[in-house]
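Structure first, then comments.
Since every read-out is calculated from the coordinates, none of them should be taken as a lab result. None of the values given here were measured: they were computed from a predicted structure. Using ideal geometry, Cβ is built from the backbone for each residue, glycine included, and neighbour counts are taken over all protein chains shown.
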Amino acid sequence: MSEQAEKFKVKIDNISVEVEPGTTILQAAREIGGDVTPPAMCYYSKLEGSGGKCRTCLVEVSKGSDRDERPMPKLMASCRTQVMDGMEVKNITSERVKEARAGVVEFLLMNHPLDCPICDQAGECHLQDLGYEHGAEGTRYEFERRTFKKENFGPYIQLHMTRCILCYRCTYVADQLTDSRGHGIVDRGDHAAISTYIEKAVDNDFSGNMIDVCPVGALTDKTFRFKNRVWFTKPVYAHRDCDKCCGEVTLWNRGENVLRATARKDEWGEVKDSQKDGKPGWICNTCRFDKKKTDEWTIEGPADVSRHSVINQGHHSGTFSKGEETFSKIMQGRKPKLLMDIHDVSEVNKKQ
Ligand code: SF4
Ligand code: FES
């Protein structure tokens, strides 16, 4: 009989969780969920090798393990650091982390254009959320921002390199989902850029997934560009029989018109697993770009959208994620008293 590997006990922001050895701090934090989970701009659990580029997921390891209790001197990238038994980690409870994260956001925004009002990613942009949650109000940057020419990746994808944060996710999609990679990062340092180098089309059948993994508005869907603000659309889950992919999508509708089709996303903004085989539900370019009529799809119902998302302002989503009820935990099981007779607890002014 095979022996089951013992689980590691980890504490993140004073909340305990037990995970398999080999789990990263970020994944352990995702098991707890909520604010304890560090933000991740480059890590993507469904793309092998991703992570370790953006540093937004930095955490403080205040106790290395039960065996070696020494804290780690530097803040660690939680997406690349594996847990140890007895490890204690601070994320939102660490002032060092908050300060470092604000610094990382400042760096990411240094050359990023503040064009949210006209950017197609607005409302579902991870950098926009990160800026609101961890960024400073003003900028200290006095120099001209780095800009690039817009580039066409074929008929369906537009690259705005000026908005790119060099997370490398799109290159992993091209490497791991498509037959060949036609784009990559050219040059170094301040000049580093995503490019096909000689403006070649990226025309692989699964190339559209690069748009879904891009955390900012650097890669956008040309069939949707400037058609609508995402919060005015109605996201619904739909499927069709497709011989290339799982055919399970989110349709972003306005009235009867399908404005956009994307893969379904989970609470971390990553592609959901397919209901058919439990594998990541990446979708093909035919489902994404060519099927823009509702009668080409079987509509399942409203899509799940986080209740904190601006997309939810139209109240279109299906299941709202309800916040965890913490009151009874704090009260150690005791029920709150909504009505109380003061004479039950006080001797003062006793009833006659
Ligand atoms: S284009 Fe998007 S996905 Fe690709 S490296 Fe830039 S930010 Fe990341
Ligand atoms: S998410 Fe960990 S370094 Fe980017």
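Set the bar at 26 Å for Cα to Cα. Now go through Lys234/Lys272; Lys227/Lys265; Lys265/Lys329; Lys53/Lys98; Lys149/Lys227 and name every pair that lies beyond it.
Correct reply: Lys265/Lys329.
Quick one: Karplus J couplings for the range 216-231, per residue in order, coefficients 6.51, -1.76, 1.60, θ = phi - 60°, nearest Hz, x for Gly and Pro?
10, x, 6, 10, 10, 7, 5, 7, 10, 3, 6, 7, 6, 7, 4, 6
Where does the charge balance sit around Lys234 when Lys and Arg score +1, Asp and Glu -1, over other residues with C-beta under 12 Å from its C-beta?
+1
Using 0.36 nm per residue of separation minus the Cα-Cα distance, give me the extension gain between Asp295 and Arg145 in nm, one decimal.
So the extension gain works out to 49.4 nm.
Please give me, ordered by residue number, the GluC sites (Glu not before Pro) of the range 81-146 that lie in loop per DSSP and have at most 15 other Cβ atoms within 10 Å.
Of the GluC sites (Glu not before Pro), the ones in loops of the range 81-146 whose Cβ has at most 15 other Cβ atoms within 10 Å are Glu137, Glu142, Glu144.
Based solely on its DSSP helices, what 222 nm [θ] is calculated for the chain when runs of n ≥ 4 H residues each add -39,500 (n - 2.57) and the sum is averaged over all residues, nearest 500 deg cm²/dmol?
-4000 deg cm²/dmol
Going 7 Å from the Cα of Ile330 in the Cα-to-Cβ direction, what parts of the range 8-49 have a backbone nitrogen less than 12 Å from that spot?
No residues fall inside that zone.
If amide H atoms are built 1.01 Å from N in the plane of the peptide, which residues on other chains or at least 5 residues away come under 5 Å of the amide H of Lys63?
The answer is Met72, Glu88.
What FRET efficiency comes out for Arg80 versus Tyr132 if R0 is 22 angstrom and r is the Cβ-Cβ distance? Round to the nearest 0.05.
After rounding to 0.05, the efficiency reads 0.30.
Which helices count as membrane-span-like in the chain under these terms: full DSSP H, at least 27 Å along the axis by C-alpha, Kyte-Doolittle mean of 0.5 or more?
none
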